[in-house]
1. Any idea how far the Cα center of region 3-20 sits from the one of region 27-65, in Å?
2. What list do you get for 32, 73 if you sort them by fewest beta carbons within 10 Å?
3. Can you put 34, 61 in order of Cβ neighbours within 10 angstrom, beginning with the fewest?
4. Ranking 63, 56, 43, 51 by Cβ neighbours within 10 Å, fewest first, what do you get?
5. Where Lys and Arg each count +1 and Asp and Glu each count -1, what net charge lies around residue 45 among other residues with Cβ under 9 Å from its Cβ?
Amino acid sequence: MLAEPPVDADGNIVLDEVQTSRVIEMAWEDRTPFAAIEHSYGLDETAVIKLMRHELKPSSFRLWRERVTGRNTKHEPNATLKWAALIARLSINRVSASQIISYFNTH
């Protein structure tokens with residue numbers, strides 16, 4: 001994460017509509033580990049689950065949970081480290097997270 005995200009009085013990270021939409025998109029993507037979301041938006045896996053529960057319809061949330069539960073690409077430690085290192089390196093070069101995701105989804 002490049003900058004400290006804004007937080008509310010309870011210490012929860014506050015996202016605008018665009019950021020929320022992007023987190024949801026990243027959470028649905030099979031190849032995007034939770035570590036990439038945490039690095040980009042400061043939301044750990046528990047916070048992403050909470051956000052998804054709040055933002056999705058109950059049936060969509062259940063479908064998403066079934067999809068990501070046990071999925072290696074979401075939880076794999078090696079992928080997590082690779083993503084975090086890559087994002088950190090590319091952030092220096094001002095490559096956006098969406099460009100990174102786009103690259104990995106096409107390769």
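1. Computed from Cα coordinates, the inter-centre distance equals 15 Å.
2. Numbers: 32 22, 73 14.
Ascending Cβ contact count within 10 Å gives the list 73, 32.
3. Numbers: 34 21, 61 15.
Going from least to most buried by this count: 61, 34.
4. On the way: 63 13, 56 17, 43 24, 51 20.
Fewest-to-most Cβ neighbours within 10 Å comes out as 63, 56, 51, 43.
5. Values: positive: 74; negative: 38, 44.
Once positives and negatives cancel, what remains is -1.
Read-outs: derived from the displayed coordinates by stated rules, not from any lab. No experiment lies behind these values; they were computed from the predicted model shown. In this analysis, Cβ positions are derived from the backbone assuming ideal geometry, glycine residues included, and neighbour counts consider all displayed protein chains.
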